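The values are calculated or read from the model by the stated rules, or taken from the named source; none is laboratory data. These numbers come from a predicted model, not from an experiment. As a convention, Cβ positions derive from the backbone with ideal geometry for all residues, glycine included, and neighbour counts pool all protein chains shown.
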């Protein structure tokens with residue numbers, strides 16, 4: 001029976017049986033791992049807090065017949081602030097679903113892992129969860145090879161974009177006014193929004209909350225990056241509905 | 001499944017649809033059913049049909065009941081200013097068993113789970129808000145599970161209920177009674193310290 005130990009972050013949990021919990025763990029070495037924590041829902045279980053969504057810890061995994069199992073779990077960080085703040089919880093819930101959908105099993109990546117961990121830490125402390133989240137989205141898209149083209153037209157390659165810049169999810173970047181007529185229903189983007197996205201991509205996580213942006217530009221970049229990621233993933237993430245409900249509630 | 005005669009195969013297939021029943025258990029149950037007297041099987045079948053036919057959910061609180069509104073909602077001795085919000089009907093039984101709670105209940109029928117696509121509209125929140133609008137309720141105790149879904153639900157509800165000038169409380173997180181501090185995990189201990197009380 002093969003046993004290995006890895007650090008990881010819990011992306012998703014699913015209850016099975018009487019008191020068991022199947023955890024989807026993102027690990028730097030092996031990517032997504034699905035493993036069952038036996039009895040993890042019982043109040044006195046040693047797995048109870050180390051197998052909650054967002055938990056970061058060391059996990060000892062053994063390979064089982066149909067499903068792997070967790071034999072030991074040592075919690076390193078639980079991110080309690082993400083559990084106590086509805087808005088942060090909604091953002092973190094969206095990001096873990098995004099990672100779950102974007103990476104496959106066996107596709108581990110230290111950079112993606114470090115980035116996710118950094119995001120959770122910064123999100124716990126920040127007063128600007130919105131910008132921190134958009135920064136994570138553009139950074140993760142870049143690392144995974146989906147960086148949107150922002151500096152020149154994605155169709156004709158023109159560098160000097162005149163007035164009227166549009167975003168085309170199909171082309172994976174901005175397009176100039178002339179090329180925009182090739183596609184229907186493209187939305188306009190402002191130069192301010194493109195500058196903000198570039199700034200977020202370049203900035204360190206911890207320094208993101210120093211970046212200033214007005215409400216319209218924030219809305220614009222949020223919409224741009226979600227349309228972009230949604231098109232690459234070819235599905236709408238379910239946690240986005242909740243995020244919208246929480247943010248737009250009175 | 002072709003090794004079985006058709007009625008047996010059907011029985012095993014139906015049993016396997018039940019939660020936590022795998023092929024082996026289904027097979028064992030099916031053989032057991034064949035072995036026991038016919039009257040017992042009929043009683044089982046009748047109980048299944050009866051439960052399904054007679055049990056409805058209370059139009060007020062959402063708990064399972066035989067008559068509508070349920071016996072808790074119509075009981076005059078209960079404190080009508082207090083509502084405990086729970087996820088499932090089985091949680092009502094648990095709270096009732098403690099004998100410590102004398103208010104009314106509201107069963108949500110689940111918890112908000114952003115990652116599973118279960119949003120606020122998928123559980124019985126509007127029914128709760130309607131009950132609160134009558135003005136008799138002074139306190140809402142949110143007794144959802146202490147996991148991420150339960151927390152999301154409690155915070156969401158608190159945000160909706162607080163503006164109505166109704167006290168919203170959350171059941172305490174802490175150490176299990178009869179447990180050993182040594183074996184408790186850090187998060188639980190941290191919560192227990194946070195929620196300490198004066199003696």
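Annotations for the structure displayed:
- Output for segment B:20-31, where each listed residue is surrounded by 11 or more Cβ atoms within 10 Å (Cβ to Cβ) and in a helix (DSSP H, G or I): B:23, B:25, B:26, B:27, B:28, B:29, B:30, B:31
- Within segment B:176-190, if we keep just the residues that are touching a helix residue (DSSP H, G or I) at 6+ places or on another chain (Cβ under 8 Å) and buried (at least 17 other Cβ atoms within 10 Å of the Cβ), the residue that is farthest from the other protein chains (Cβ to nearest Cβ) turns out to be B:184.
- Condition met for residue A:90 (surrounded by 14 or more Cβ atoms within 10 Å (Cβ to Cβ), within 14 Å of chain B (Cβ to nearest Cβ) and either at pLDDT 90 or above or assigned to a loop (DSSP other than H, G, I, E, B) (or both)): yes
- In segment A:14-41, residue farthest from the other protein chains (Cβ to nearest Cβ) [restricted to those that are surrounded by 23 or more Cβ atoms within 10 Å (Cβ to Cβ) and either modelled with pLDDT of 90 or more or assigned to a strand (DSSP E or B) (or both)]: A:35
- Residues of segment A:206-231 classified as within 17 Å of residue A:100 (Cα to Cα) and either surrounded by fewer than 17 Cβ atoms within 10 Å (Cβ to Cβ) or not assigned by TED's automatic domain parsing to the domain that holds residue A:190 (or both), total: 2
- Counting the residues of segment A:201-230 that are under 25 Å from residue A:12 (Cβ atoms) and either modelled with pLDDT under 90 or assigned to a loop (DSSP other than H, G, I, E, B) (or both) gives 1.
- Only helices (runs of 4 or more DSSP H) whose full extent lies in segment B:85-199 are considered here, and the ones with at least 3 residues that are closer than 30 Å to residue A:235 by Cβ are B:148-161.
- Test: residue in segment B:166-175 that is within 10 Å of chain A (Cβ to nearest Cβ) and either modelled with pLDDT of 95 or more or within 18 Å of residue A:41 (Cβ to Cβ) (or both): yes
- Selection of segment A:73-87 for residues being more than 15 Å from residue A:246 (Cα to Cα), assigned to a loop (DSSP other than H, G, I, E, B) and either within 9 Å of another protein chain (Cβ to nearest Cβ) or touching a strand residue (DSSP E or B) at 6+ places or on another chain (Cβ under 7 Å) (or both) yields only A:78.
- Among the residues of this structure, residue A:112 does not count as one that is modelled with pLDDT under 90, more than 10 Å from chain B (Cβ to nearest Cβ) and buried (at least 20 other Cβ atoms within 10 Å of the Cβ).
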